[in-house]
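The values are calculated or read from the model by the stated rules, or taken from the named source; none is laboratory data. Note that the structure is a prediction, hence the values are computed from the model and not measured. Neighbour counts are summed over all protein chains in view; Cβ atoms, including those assigned to glycine, are modelled from backbone coordinates with ideal geometry. Each accessible area value is taken on the protein alone, full model and side chains, heavy atoms only, with ligands, DNA and RNA left out. Shrake-Rupley method; radii C 1.70, N 1.55, O 1.52, S 1.80 Å.
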There are 4 protein chains.
Amino acid sequence: MEMTSFADIAPALERQAIELPSWAFGNSGTRFKVFGTPGTPRSPEEKIADAAKVHELTGLAPAVALHIPWDLVDDWAALRAYANGLGVELGTVNSNTFQDDEYKFGSLAHSDAAVRRKAIDHHLRCLEIMTATGSRDLKIWLADGTNYPGQDSLRARQDNLATSLQEIYAQLGDDQRLVLEYKFFEPAFYHTDVPDWGTSFAQVSALGPKAYTCLDTGHHAPGTNIEFIVMQLLRLGKLGSFDFNSRFYADDDLIVGAADPFQLFRILFEVINGGGLDVDSPVQFMLDQCHNVEDKIPGQIRSVLNVQEMTARALLVDRPALAAAQAAHDVLGANGVLMDAFYTDVRPALADWREGRGLPADPMKAYAESGHQEKLAAERVGGKQLSWSA
Amino acid sequence: MEMTSFADIAPALERQAIELPSWAFGNSGTRFKVFGTPGTPRSPEEKIADAAKVHELTGLAPAVALHIPWDLVDDWAALRAYANGLGVELGTVNSNTFQDDEYKFGSLAHSDAAVRRKAIDHHLRCLEIMTATGSRDLKIWLADGTNYPGQDSLRARQDNLATSLQEIYAQLGDDQRLVLEYKFFEPAFYHTDVPDWGTSFAQVSALGPKAYTCLDTGHHAPGTNIEFIVMQLLRLGKLGSFDFNSRFYADDDLIVGAADPFQLFRILFEVINGGGLDVDSPVQFMLDQCHNVEDKIPGQIRSVLNVQEMTARALLVDRPALAAAQAAHDVLGANGVLMDAFYTDVRPALADWREGRGLPADPMKAYAESGHQEKLAAERVGGKQLSWSA
Amino acid sequence: MEMTSFADIAPALERQAIELPSWAFGNSGTRFKVFGTPGTPRSPEEKIADAAKVHELTGLAPAVALHIPWDLVDDWAALRAYANGLGVELGTVNSNTFQDDEYKFGSLAHSDAAVRRKAIDHHLRCLEIMTATGSRDLKIWLADGTNYPGQDSLRARQDNLATSLQEIYAQLGDDQRLVLEYKFFEPAFYHTDVPDWGTSFAQVSALGPKAYTCLDTGHHAPGTNIEFIVMQLLRLGKLGSFDFNSRFYADDDLIVGAADPFQLFRILFEVINGGGLDVDSPVQFMLDQCHNVEDKIPGQIRSVLNVQEMTARALLVDRPALAAAQAAHDVLGANGVLMDAFYTDVRPALADWREGRGLPADPMKAYAESGHQEKLAAERVGGKQLSWSA
Amino acid sequence: MEMTSFADIAPALERQAIELPSWAFGNSGTRFKVFGTPGTPRSPEEKIADAAKVHELTGLAPAVALHIPWDLVDDWAALRAYANGLGVELGTVNSNTFQDDEYKFGSLAHSDAAVRRKAIDHHLRCLEIMTATGSRDLKIWLADGTNYPGQDSLRARQDNLATSLQEIYAQLGDDQRLVLEYKFFEPAFYHTDVPDWGTSFAQVSALGPKAYTCLDTGHHAPGTNIEFIVMQLLRLGKLGSFDFNSRFYADDDLIVGAADPFQLFRILFEVINGGGLDVDSPVQFMLDQCHNVEDKIPGQIRSVLNVQEMTARALLVDRPALAAAQAAHDVLGANGVLMDAFYTDVRPALADWREGRGLPADPMKAYAESGHQEKLAAERVGGKQLSWSA
């Protein structure tokens, strides 16, 4: 890597912003056990403070995504002011329609109109919150689905979903968007009502120009070429946001880049190719992870750094050389151009770049040495640690 | 199963017609070896004769799909008359753009305009053949893709594909259709240009009302809920045809129903629910299989019988009882209604039904006892047995 | 199916006994939500009562497997007497080393000797319980593993595991056995310490003749041929027990036979071929399921009936005809013999067989009409419903 | 990376030797098409010359593995002398029992004693060749398996396999070894007779100390943790050899490291941990790849360089720091130590190291600029290009 080329890519890096999920700072786990850790937040404010710490050390995470009702507060203006005071914005609002007993058999796609009504109203309430928080995006991920063949009508549910989404879409403000996430399986095991990008695309296309697809990198079948989907959704103008994480098997929600860093590189390469890092890009970057066994704040720091480092590598691809090798059908040459960028160690240059912005050269080290984690553990005693079920 | 209910479903069974692929009667295999068998056809006419034998014994297979150039003949009118004389029609024309050296790096999605030109022209030629044979459907499955990241531009190829398809679509006759098949992987290993139903749907939607998607049951990622895709494509009005087969791992092209009969049942249940067996259904049923180690004619007989038997089971589902159990959220009850139909032994009733139409009660047994296989082995001596590479 | 052949298989059906897991009667769910249902047990005794009800209606489930510490009681003799009074025995003891905070990073394979000590002691305590309950088998499934590459030493953990198991094995009584379960992933996402049958086989072979492998049908990679493993473990003399359930994606723990009935048939066919249903068979049948959205008692009834029905089908395979077709390399013929048995509707004959034993012909219907579920819902009010975390 | 540390790892790098497969220089493809390229070898000698060119430029590939009968010659001493004259040895002998018509239903596991006899004799012939060529290893990969449930007896085949292997094993010379490869699927689609490492391990353990397992990195189910198997086989003393390649979906046989470089790193990390690179290691490194669309000689150069680069990274892991972080259960810290090595750009140091040994700093560039490929294309005109079927 030549320094000149790093200078070339700096503007794009400057634009990079990754929303942090408030829930990543709470406890999480599996159906077998949720382990707690000292210092875990007990309020939305503490989650936001933790997220702000990540931004303070990395400069990469200027917004915090909320999960409703997990993050419900009485005074949204106060929460917004609190966040702003810590240097971050309130970002995407994630609706949660999977933890009330009424949602046992679904929400927006449920066969009962009364349950759909409740779920729709929850989304309308989320829109109101968004107005208060200044959030642009309403992100809808649904746990809807069935566990057994025959349990419900796949078709009727899909039609119900379309109707429910229309009602929500109709209430979007001028600057608000709806992003519909898809997921291969879990918590439903036979079918999910939005299992793949094709379904999300068909649904959001039917809604209109303010509806987009959200791509969670852990929500695909084994072997799926995710960067192809990135390319396709950008081509179709419907890639609204990313939920970054990584997986070895299912929706493991591990740190982004931890399981397959080369896949992350390829995804970011297609993001860049499709304009996803351009000034006017509609693509919102976000993390969606579970730090089941590792510390949460440094887990988030590690994650945004991974995205940044891979973005730098993807930006460094020698595109003219690549195009020339592709045109010559030089398979090894073209692949070699890509791999050269992937194997480039961008860490020293990024450390310099950080220092130039007044950030610590090594945010992981800076956090570890700050004593912040120990301080939180000492201070946050008593109360109830937040988690998914909180 | 009550006899009355079988009478109820008979009209739908009467409508069922499954195209046979001419290539199923030739030798096939893996990259390791193609084994030959005595009696294998040496000409398109012999393939059609074999397909006609399947129809003669089952009444289920009134048409033969062609693969071009594998089935090229000089006189299409003569071939059509030959087929008609044996009681079958010439059906879907499958274009083959993967065996000429020029197609090493793709065909309709290739980066070189000259190769795309050649591939487009091949399809236009197929349209001419369709006019001569009376075929309705041009089925496009592409081997296009890449083996290594960076080998070619995913986006440029997708745009190339769209442009190529437009040119072909523009030449469709009033009663002709284009069906675009998708495939997860193979022969390309990093990416295929039409990997999933979403991509096919996006491409055919851009073309217009005469373009549809073809769903090959072996072309999905592990764990994919195929019946959901069937439901969705029928809902979107874009399910044009099926390529039936079965698989344990990849695109194994085994006999339909052999690997997972319950999956076949669920697929056919959704076909019926979505109107795919209705009088005016746009859905063309077809087999696409490789009989690598088993005899080919009885392999095809077994296949169409499997589709018929599962269709009968799917038709027998007690839909009012199912709807009631679903409405009551009686998970076990609803699943039980479905399973009752699946576990019903429809074979005796179908045997009666066959005899009532002048067909052998047990087509597999009738074929085995006919001595036809031995006759073919004795007669078809010399010449070159046809296979995929022929 | 001829009645004579059903008479032939009746003795084997008489021998069939399937242990029920006590935990199947408690609430279960996913990391997203655990839904409760009216009538859920609040004590080990109520779980046993529910299991006894399943046996009462089916005659198939004469024992209840325990999970320790979930099912801890003060007086084991009293619990045993209680169970016997309801017509069932206490069966396999399942050790649970995944819900104490100390087990965050493992148990028997943990890098800290102190944690391993605690986990070993827990197993020794389980052996004591087994002596009190008259249980033969100690079943060990471990949540041990790591989430990130490098998190711990794969090799050291494997050696730790071997040493821990040796200490437990040394304390087995003369009539007691240790069965080691393997699992592909979950709750650990990067590696599990016993991921596959090969690892379990290597570990139990090193222990000695009283150590066996437990095969959970949901614990394999996508596409794994499970019946091959059944065959191999029976051939090697190391198949100790089954945990039956079914899956579409991961370890879904659905009702056995619900996702792929044909796979269940093939598994039982190999069980029978390998002597797993013989009088002196070492193979213990057991369920391990989660009834997240369906009722629990009928869910268990449906499950044991599914196993019984598939066992009957697998017993009905015309083995001489199969052997003859195999010897002749008649692929379609051999497959056809197998499929004939699979497609046979054994339900009427089994209904007769049940009535001959004083059981209801249709246990699902009998349970539904008994009002038992409503009775439990009315009676079991107050207290804390049990679940995995209880 | 500090230079001192690179000096530390140099001795291990010096020991690294990777056998090249003769068949990688012939044409290969898929069941759809085998594309040829100018300059492809037409004789075993030309394959060996191509392999020697790879060694000349990299110093990493001092031996060529043979495939029998593909590489049959009349005079083995002459072939050996020819290879030695070009600076390489003849290495592992790979038996091929999948291309004769008699092998349609298997070879060593076949139900017919006569076919097993033929297959055993072929292996005995391979042992004779090994004596003539000075090869140590007989590598057995079998295409044996079935396509349909019921087609043959899984158990009888496994027993047949054991007996056949015993007969071959009995004829091994004192310094010869048998390595048994396993494969998940293909070309058989329902079952393969050696599908997993457990089966290979059970079989070679029954044979004796000169029998080992061969691990092909492309022969596993989706999601399999391959480095765990590496660890386990090294722990059990049974890892005999590697067949390196990479895959996105099935057994794609792509260039090693091309699909998931981080997985290759993890595999090599466990190889090193388990002593697989030690002076007395029993582990033989080998490639097994298909260059379907890329040039073959540079494809092999790229492959051995990938293995070398990842080995260097794996050697550079700061093991004391890793052990300390693991002991402290510092999940992020331990993972970070591993990732630091992975993200280190070892290419400049390796270039220096090469130059210090008289090798080109950049073997890919050196080959491209040498004009060798063009020379071969010009010279190797006429004759029949070799491929798998040759």
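Among beta bridges from DSSP that stay inside the protein assembly as shown, the antiparallel ones total about 15%.
Cα convex hull, the range B:296-389: 135 Å³ per residue, rounded to a whole number.
Helical runs assigned H by DSSP (4 residues or longer) give chain A a calculated mean residue ellipticity at 222 nm of -14000 deg cm²/dmol, each run adding -39500 (n - 2.57) before division by the residue total. Rg and Dmax of the range B:36-135, both derived from C-alpha coordinates alone, stand at 15.5, 48 Å. Peptide A:244-251 shows a mean partner chain C-beta count of 5 within 10 Å per residue C-beta. For the range A:93-216, the share of DSSP beta bridges that are antiparallel, to the nearest 5, is 15%. For the range D:89-199, the share of accessible area belonging to carbon and sulfur comes to 46 percent (1.4 Å probe, ligands and nucleic acids excluded).
Each Lys or Arg adds one and each Asp or Glu subtracts one; over the other residues with Cβ under 10 Å from the Cβ of B:Ile229, this totals -4.
Note that the range D:314-330 has calculated 3J(HN,Hα) couplings of 5, 5, 6, 4, 6, 4, x, 5, 5, 4, 5, 5, 4, 5, 8, 6, 8 Hz, one per residue in order, obtained from phi through the Karplus relation 6.51 cos²θ - 1.76 cosθ + 1.60 (θ = phi - 60°); glycine and proline are x.
For the range A:316-371, carbon and sulfur atoms together expose 55% of the accessible surface, with a 1.4 angstrom probe and every protein chain in place. For the range D:316-371, the relative contact order works out to 24 percent when only alpha carbon pairs closer than 8 Å and six or more residues apart are counted. Normalised radius of gyration (Cα atoms, divided by 2.2 N^0.38 Å) for the range D:316-371: 1.70. Sequence-ordered 3J(HN,Hα) estimates for the range A:293-300 from the Karplus curve with 6.51, -1.76 and 1.60 and θ = phi - 60° stand at 10, 9, 5, 7, 4, x, x, 6 Hz, glycine and proline given as x.
Each Lys and Arg contributes +1 and each Asp and Glu -1, all at the Cβ; summed about the Cα centre of chain B, the dipole is approximately 440 debye.
When peptides A:86-92, B:170-176 are sorted by average Cβ neighbour count within 10 Å, with the highest value leading, the order is A:86-92, B:170-176. Here the peptides B:150-156, C:129-135 are ranked by packing, the mean other Cβ count within 10 Å, and the order with the highest first is B:150-156, C:129-135. For A:Ala259, the residues whose modelled amide H falls within less than 5 Å of its own, excluding neighbours fewer than 5 places apart on the same chain, are A:Arg247. Close amide-amide hydrogen proximity is noted between C:Asn27 and C:Leu386, C:Ser387, each under 5 Å apart and 5 or more residues distant or on a separate chain (H modeled in the peptide plane; Pro and chain starts excluded).
Counting partner chain Cβ atoms within 10 Å of every residue's Cβ in A:186-197, what's the average?
6
Summarising the strand pairing of the range C:13-315, around 15 percent of its internal DSSP beta bridges are antiparallel.
Once the convex hull of all Cα atoms in the range A:13-315 is built, its volume per residue stands at 125 Å³. Counting Cβ atoms of other protein chains within 10 Å of each residue's Cβ and taking the mean over peptide A:286-292 gives 2.
Semi-axis lengths, largest first, of the ellipsoid equivalent to the protein assembly as shown are 44, 43, 37 Å, with √(5λ) applied to each eigenvalue of the Cα gyration tensor.
The distance linking the range A:230-284 with the range B:35-87 is 48 Å (Cα centroid to Cα centroid, whole angstrom). To the nearest 10, the accessible area of C:Ile272 is 30 Å² with a 1.4 Å probe.
How much accessible area per residue does the protein assembly as shown have, in Å², with a 1.4 Å probe?
31 Å²
Quote the total accessible area buried by chains C and A together, excluding ligands, DNA and RNA, probe 1.4 Å, nearest 100 Å². Counting both chains, the buried surface is close to 4000 Å². Here's the picture: a label point sits 7 Å out from the Cα of D:Arg155 along the beta-carbon direction, and within the range D:174-192 the residues with their amide nitrogen under 20 Å of it are D:191-192.
Structure note, pairs C:Lys33/C:Lys139; B:Lys47/B:Lys384; D:Lys47/D:Lys238: Cα-Cα distances above 22 angstrom occur for C:Lys33/C:Lys139; D:Lys47/D:Lys238. Taken one residue at a time, the phi angles of the range C:351-356 give Karplus couplings (6.51, -1.76, 1.60, θ = phi - 60°) of 4, 4, 4, 4, 4, x Hz. Gly and Pro are set to x. Residues whose amide H falls under 5 Å from that of A:Gly91, counting only those 5 or more places apart or on a different chain, are A:Val64, A:Ala65, A:Leu66, with hydrogens built in the peptide plane. Cross-link partners among aspartates and glutamates for D:Lys296, C-alpha distance below 14 Å, same-chain residues fewer than 8 apart left out? Correct list for D:Lys296: A:Asp330, D:Glu46, D:Asp50, D:Asp253, D:Asp288, D:Glu374. Each label point was placed 7 Å from the Cα along the Cα-to-Cβ direction; for B:Ser389 and A:Asp112 their separation is 6.3 nm. Under the simplified labelling scheme, the B:Ala162-D:Asp75 pair shows an inter-label distance of 6.4 nm, with each label point 7 Å from Cα along Cα→Cβ. Solvent-accessible surface, computed for protein heavy atoms with a probe of 1.4 Å, shrinks by 40 Å² or more for the following residues of the range A:313-349 when the other protein chains are added to the isolated chain: A:Gln326, A:His329, A:Val331, A:Leu332, A:Asn335, A:Tyr343, A:Arg347. As a rough guide to protection, the peptides B:199-206, C:72-79 ranked by mean Cβ packing within 10 Å, highest first, stand as B:199-206, C:72-79.
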